[in-house]
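Asks: Please read through the structure below; I'll follow up with questions.
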Amino acid sequence: MVQTIPATNITFYELETNFNLQLVENEQFFREWQDNLPEITDSEKQHLDRVKASYFNLEKYPPILENTVKMVVLSPLLNLAGFYLLPFHIKSEKSIEISDQYEGIIVRGKLDILTIFNQF
């Protein structure tokens, strides 16, 4: 029998156990996302410092809610990285499903924000 679990009701431990997910701390993992990156400008560094300061300001006034973090941290980072411009586009609240065909477990949920590059 297939068991369907809403993503909001599952823990990292359950994902690790049921889907054999593992934390990878190897610096060589996804090297293509780390090598040959352009230098950031002083202006970009200032912008990143401001995002960081904004996050630390949020920490002073808990609870830190998901939508607030998206506004204060994620949106400025996506903008700075150019992910709101062509050739990228954004989808929000994209439904996803993770399934384990052997154990009969399905986890359903939504990605808050998905950045799409059509040529990826």
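The values are calculated or read from the model by the stated rules, or taken from the named source; none is laboratory data. The model shown is predicted, which means the values in this text are computed figures rather than measured ones. Note that each Cβ is placed from the backbone with ideal geometry, even for glycine, and that neighbours are counted across all protein chains shown.
Asks: Any idea which residue in segment 31-53 is modelled with the lowest pLDDT, counting only those that are exposed (fewer than 11 other Cβ atoms within 10 Å of the Cβ) and among the acidic types (Asp, Glu)?
Replies: So, considering only residues that are exposed (fewer than 11 other Cβ atoms within 10 Å of the Cβ) and among the acidic types (Asp, Glu), the one modelled with the lowest pLDDT is GLU32.
Asks: Would you point out the residue of segment 1-19, among those that are assigned to a helix (DSSP H, G or I) and not hydrophobic (A, V, I, L, M, F, W, C), that is nearest to ILE105 (Cα to Cα)?
Replies: ASN18
Asks: Any residue in segment 71-93 that's in contact (Cβ under 8 Å) with a residue 12 or more places away in the chain and surrounded by fewer than 13 Cβ atoms within 10 Å (Cβ to Cβ): show its pairings with residues that are of a type in the set (Gly, Ala, Ser) and in a strand (DSSP E or B) at Cβ separation under 8 Å, as long as the two are six or more apart or on different chains.
Replies: none
Asks: Got a sec? Which of GLN22, GLN28 is more than 30 Å from MET1 (Cα to Cα) and loosely packed, with under 10 Cβ neighbours inside 10 Å?
Replies: GLN28
Asks: Still on this structure, please answer the following. I'd like the residue in segment 90-108 that is closer than 17 Å to LEU74 by Cβ and not acidic (Asp, Glu) and, out of all such residues, is modelled with the lowest pLDDT.
Replies: LYS94
Asks: Then there is this: What pairs come up if the first residue lies in segment 39-59 and is farther than 11 Å from PRO76 by Cα and without any contact (Cβ under 8 Å) to a residue 24 or more places away in the chain, the second is part of a helix (DSSP H, G or I) and hydroxyl-bearing (Ser, Thr, Tyr), and their beta carbons are under 7 Å apart, counting only those six or more places apart or on different chains?
Replies: Qualifying pairs under 7 Å: LEU58/THR68.
Asks: Kindly indicate which of PHE56, PHE83 is of a type in the set (Phe, Trp, Tyr) and either within 15 Å of the chain's Cα centre (by Cα) or at pLDDT below 85 (or both).
Replies: Result: PHE83 is the single residue among PHE56, PHE83 that is of a type in the set (Phe, Trp, Tyr) and either within 15 Å of the chain's Cα centre (by Cα) or at pLDDT below 85 (or both).
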